[in-house]
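These notes concern the structure reproduced below.
Just so it is clear, none of the values below were taken in a lab; they were calculated from the coordinates. Remember, it's a predicted structure, so these values are computed and weren't measured experimentally. Every residue, glycine among them, receives a Cβ derived from its backbone with ideal geometry; neighbour counts consider all protein chains shown.
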Amino acid sequence: MGTNVTGALNVSRVAGRKGFIVTFLGDALKGVIVVLLCRYLKISDIITLLCIFLVIAGHIFPFQLKFKGGKGMSTMLGAFLTYDPLFIILAIITFAVLFPFVRKYTITSLFALLLLPLEMQLTGYAWYQVLLILMSVVIIAVACRSNLKEYYQSKNNVRK
């Protein structure tokens, strides 16, 4: 129903605020559990970040739903917040700076996420952390390509 996506935002369109909250928490919890399980098992940082990428990819492309899942934002938020809250703080700051210019929540969030690896590089994170977070951000951008395309087309129509 709605946009035919299983994510929290679409669920909110169909089932309201309660549906959004339940779906958002469930999706975010997937990311939280992966990071906590990796830490509990004392799995290396590189493998933990790879697991974050994989849980996001699994959310976006679930085989049981014919590879048509959500857009990965809630799962990413839970994973990043648990792995290193600074990721989310950097994204929120970037969001706050960009929003007055973009004025669309999803698009501004995507731009903030796409800038996150650069911000990580500038703040001294290890190369493998930057690379694996970049992979996670790119797969979310791929999942949100219809949002980006719609935004780009709306901007071009305004200029004509």
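Summary table below
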read-out: The stretch 26-49 - residue that is in contact with a helix residue (DSSP H, G or I) (Cβ under 6 Å, 6 or more places away or on another chain) and farther than 24 Å from LEU9 by Cα and, of those, surrounded by the most Cβ atoms within 10 Å (Cβ to Cβ); value: LEU49
read-out: Answer from LYS18, LYS42 - the residue that is in a loop (DSSP other than H, G, I, E, B), among the charged types (D, E, K, R) and without any contact (Cβ under 8 Å) to a residue 60 or more places away in the chain; value: LYS42
read-out: Residue satisfying all of: in the stretch 116-160; under 21 Å from SER44 (Cβ atoms) and hydroxyl-bearing (Ser, Thr, Tyr); surrounded by the most Cβ atoms within 10 Å (Cβ to Cβ) among these; value: SER136
read-out: Residue within the stretch 8-25 that is buried (at least 16 other Cβ atoms within 10 Å of the Cβ), out of contact with any strand residue (DSSP E or B) (no Cβ under 7 Å at 6 or more places or on another chain), under 17 Å from ILE139 (Cβ atoms) and of a type outside the set (S, T, N, Q) present; value: no
read-out: Residue list for the stretch 45-57, filter: in contact (Cβ under 8 Å) with a residue 24 or more places away in the chain and of a type outside the set (Asp, Glu); value: ILE46, THR48, LEU49, LEU50, ILE52, PHE53, VAL55, ILE56, ALA57
read-out: Of all residues making up the stretch 63-101, the number that are without any contact (Cβ under 8 Å) to a residue 12 or more places away in the chain and farther than 17 Å from ILE33 by Cα; value: 12
read-out: Any hit, the stretch 101-119, residues being farther than 17 Å from CYS144 by Cβ and small (Gly, Ala, Ser); value: no
